[in-house]
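Report on the following structure.
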Amino acid sequence: MSKTSVAFLIAAFLAGPLLAAPPDRAPRPEPRPSTSDKAQIQKTTQGYVQLVPSARTPSGRIAVFFGVKTTRPEPRPARRTPAPQRATAATQITRPPAIPAKMGRVCGSRAIIGRSVPPVQGRLRGCGVKNPVQIVQVSGVTLSQGSTMTCEAAQALNLWVDQGLKPAVGRMGGGVASLRVAAHYSCRTRNNKTGARISEHGKGRAIDISDIRLKDGTSLSVLNHWGKGEKGAALKRAHRAACGPFGTVLGPNSDRYHRDHFHFDVAQHRSGPYCR
């Protein structure tokens with residue numbers, strides 16, 4: 001045998017263990033997870049993801065991908081449609097009080113709305129009304145409360161609203177809508193003074209007005225607007241126009257008791273209407 005052949009055989013003998021490995025040591029591909037496993041399996045574009053229980057995430061599950069743990073993304077919350085906004089007080093129009101049921105024309109006038117009520121007995125001597133009516137509207141203008149008075153007082157109030165108040169206010173705020181009544185029938189003395197004469201309120205012959213409400217929701221307040229600007233000028237015109245339909249007209253310039261309202265009554269005076 002030549003030297004070349006001997007060298008080739010020695011090299012082949014030494015390289016044999018390096019070229020071949022025992023069958024039980026050869027690397028094997030990892031099997032794909034079975035869908036029958038108890039754990040939930042999902043397939044992704046990169047491979048298989050196994051979801052296993054966990055207490056460290058909000059959903060209670062984590063994903064295992066090729067041995068690497070990643071937190072499963074939470075679904076986005078559904079968008080909520082915002083609730084429609086309610087109209088604010090500035091956009092709401094003030095409406096006059098509704099007329100109570102069972103009201104009709106009284107005192108022989110189509111413009112005076114109310115009802116007849118039983119005679120009023122006064123607790124003080126000189127108080128009371130024999131044939132009272134409860135008025136809720138005059139000449140289309142609503143009163144803030146049903147007001148008890150005589151028909152004479154109701155007719156005077158209706159005349160003032162129709163021929164005095166409405167022209168005095170004109171188109172300001174859309175016109176007159178309602179009157180805020182501060183007082184009507186009340187059995188008491190004048191200005192609630194002890195020993196004074198019985199007030200015309202105690203006879204159902206008087207009414208006090210503190211506020212004139214307009215159709216756009218604004219108002220003419222005797223306390224807040226008397227002598228001030230356009231509203232104050234309208235109040236003065238209305239006050240002046242009441243002198244005639246009523247026998248007594250008092251306002252903020254008369255005394256401290258009438259700073260916040262107009263007092264109207266149908267008392268008769270020898271020298272004619274008393275207006276201050």
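The values are calculated or read from the model by the stated rules, or taken from the named source; none is laboratory data. Given the structure is predicted, the values throughout are model-derived calculations rather than measurements. Heads up: the accessible areas ignore ligands, DNA and RNA and are worked out on the full protein's heavy atoms, side chains in. Shrake-Rupley method; radii C 1.70, N 1.55, O 1.52, S 1.80 Å.
What to note about this one:
- Surface composition of region 135-276: carbon plus sulfur atoms hold 43% of the accessible area, using a 1.4 angstrom probe and ignoring ligands, DNA and RNA.
- By accessible area with a 1.4 Å probe, ligands and nucleic acids excluded, highest first: order of R237, R105, R125: R125, R105, R237
- With all protein chains modelled, accessible area of C243 [1.4 Å, Å²]: 60 Å²
- Which of Y185, Y274 is most accessible, then next, and so on - probe 1.4 Å: Y274, Y185
- Total lysine pairs under 18 Å (Cα atoms) in region 118-276, excluding pairs fewer than 8 apart on one chain: 7
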